[in-house]
Amino acid sequence: MKTIILTGGGTLGHTFGCLALLPKLRTYFDKIVYVGSYNGIEKDVVKKEKDVEYYPIKTTKLRRKFSLKNLAIPFVLLASIKECKQIIDKVKPNIIFSKGGYVSVPVVLAGHKKHIPIITHESDITMGLANKLTKNKAKAICHSFKPEKSFKNSVFSGPLIRESLFGGNKNLKNKMNIPANSNVLLVMGGSLGASSLNELVFNNLDFLCSKFFVIHITGRDKAKAITHKNYAELEFCQKIENLYAITDFCLTRGGSNALFELLALKIPMLIAPLKKQTRGEQIKNAEYFYKNGYALVLEEETDFELKQKINELISSKNTIKNNLNNAKQKNGNTTVFEQIKNNMI
């Protein structure tokens, strides 16, 4: 009986990477287990996959600013590793696949102690903290981008893209009463939302809704129940493929999972990268997509720059679409799956 443990969490980007592999994993493994947090956003999403067993563990993350909560990290981590060892003893995995995020660290450390092979995947140009901490435990580190710094176990796989994204229902446009001749602008700030980006959109609705029908994913508990012509507000969307199917342009944060999805679906994008990050990964992701002609970048979140960049995005649509259509982007699903098959016990 072949069993795999999947792990990753903190944001849905980590979780969706794991879920992208499910169609291939289901053809090979008898049991698929997901280890995540007790209350994280990944729990609700994974539990919709009826054939995936979900095991919750205690989790903690490093707070970049001074916080007394950081003092508890070693103790919570030790408790988490103990929980993970018990899960491993119970399910007896042949391999562990980690998508990163703070949820994955105790799983990988416990797996390594138990001599379980580990494959990891890094979405961003620069490596995240969780993957940095565990990189020497992995048989292979797969990368969405060609890595800035390669390790002996680095593999350039390309991004993990969910197959379901290509089957969106375009009838949603009629169901939402969107005028047939309207261009749709999808605004999304990541699975946890983006408060400053939300406020920028709220403050410029008259302008944006004069150009597009705006579908705004605010993030949980961040909606304002605004009523405006040519505007629809959602806190979260489980079936994002249906929104993608009717989207003409996207205003998005710079998380690599979203950017690669938009690239795969050939949707012109305006990227507003999150600036307050220690390693600046969203800025680097945005620079890559801009240099390749796939997107424009919103450098400053001001009303003036938003209006300027939106007008430029509209006028550059054909050029950007041409670049997107000509992009030779690898889909990493097959490469990562082969790494999993070739390294399992």
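For the stretch 84-105, give me each residue that is more than 18 Å from Leu133 (Cα to Cα) and surrounded by 24 or more Cβ atoms within 10 Å (Cβ to Cβ).
Pro93
Restricting to the stretch 142-183, give me the number of residues that are of a type in the set (A, V, I, L, M), more than 17 Å from the chain's Cα centre (by Cα) and within 23 Å of His14 (Cβ to Cβ).
So the answer is 1.
Within the group Gly100, Gly128, which residue is modelled with pLDDT under 95, on the phi > 0 side of the Ramachandran plot and under 20 Å from the mean Cα position of the chain (by Cα)? Explain how you work it out, then say what you get.
Details: Gly128 fails: on the phi > 0 side of the Ramachandran plot.
Testing whether each residue is modelled with pLDDT under 95, on the phi > 0 side of the Ramachandran plot and under 20 Å from the mean Cα position of the chain (by Cα) leaves just Gly100.
So which pairs qualify, if the first residue must be in the stretch 209-230 and assigned to a strand (DSSP E or B), the second must be surrounded by fewer than 17 Cβ atoms within 10 Å (Cβ to Cβ) and polar (S, T, N, Q), the Cβ gap must be under 9 Å, and the two must be at least 6 apart or on different chains?
Note: pairs meeting the criteria are Phe213/Ser182; Phe213/Asn183.
May I ask you to list pairs of residues, at least six apart or on different chains, whose Cβ atoms are under 6 Å apart, with the first in the stretch 7-19 being at pLDDT below 90 and the second being assigned to a helix (DSSP H, G or I) and surrounded by fewer than 24 Cβ atoms within 10 Å (Cβ to Cβ)?
What qualifies is Leu12/Ile41.
Among the residues of the stretch 117-125, is there at least one that is modelled with pLDDT of 95 or more and either among the hydrophobic types (A, V, I, L, M, F, W, C) or in the same structural domain as Glu287 (by TED's automatic domain parsing) (or both)?
Yes: the stretch 117-125 contains one or more residues that are modelled with pLDDT of 95 or more and either among the hydrophobic types (A, V, I, L, M, F, W, C) or in the same structural domain as Glu287 (by TED's automatic domain parsing) (or both).
Residue check: is Val201 more than 20 Å from Ala20 (Cβ to Cβ), buried (at least 16 other Cβ atoms within 10 Å of the Cβ) and in contact with a Cys (Cβ under 9 Å, 6 or more places away or on another chain)?
no
Given the options Gly255, Gly219, name the one that is within 26 Å of Phe166 (Cβ to Cβ), surrounded by fewer than 22 Cβ atoms within 10 Å (Cβ to Cβ) and either among the hydroxyl-bearing types (Ser, Thr, Tyr) or out of contact with any strand residue (DSSP E or B) (no Cβ under 8 Å at 6 or more places or on another chain) (or both).
Gly219
Among the residues of the stretch 204-241, how many are aromatic (Phe, Trp, Tyr) and modelled with pLDDT under 90? It would help to see each step written out before you state the result.
Filtering the stretch 204-241 down to residues aromatic (Phe, Trp, Tyr) leaves 207, 212-213, 231, 236.
Still in the list and also modelled with pLDDT under 90: 236.
Within the stretch 204-241, residues that are aromatic (Phe, Trp, Tyr) and modelled with pLDDT under 90 number 1.
Could you go through the stretch 292-302 and let me know if any residue there is part of a helix (DSSP H, G or I), surrounded by fewer than 17 Cβ atoms within 10 Å (Cβ to Cβ) and over 17 Å from the mean Cα position of the chain (by Cα).
No, the conditions are met nowhere in the stretch 292-302.
Going by the structure shown, is Ala264 of a type in the set (A, V, I, L, M), in contact with a Gly (Cβ under 7 Å, 6 or more places away or on another chain) and either on the phi < 0 side of the Ramachandran plot or in the same structural domain as Asn311 (by TED's automatic domain parsing) (or both)?
Answer is no for this residue.
Would you pick out the residues in the stretch 102-160 that are within 20 Å of Ser80 (Cα to Cα), touching a Leu at 6+ places or on another chain (Cβ under 9 Å) and in a loop (DSSP other than H, G, I, E, B)?
Listed by number, the list holds a single entry, Tyr102.
The values are calculated or read from the model by the stated rules, or taken from the named source; none is laboratory data. Bear in mind that the values here come from a model prediction, so they are computed numbers and not experimental data. Using ideal geometry, Cβ is built from the backbone for each residue, glycine included, and neighbour counts are taken over all protein chains shown.
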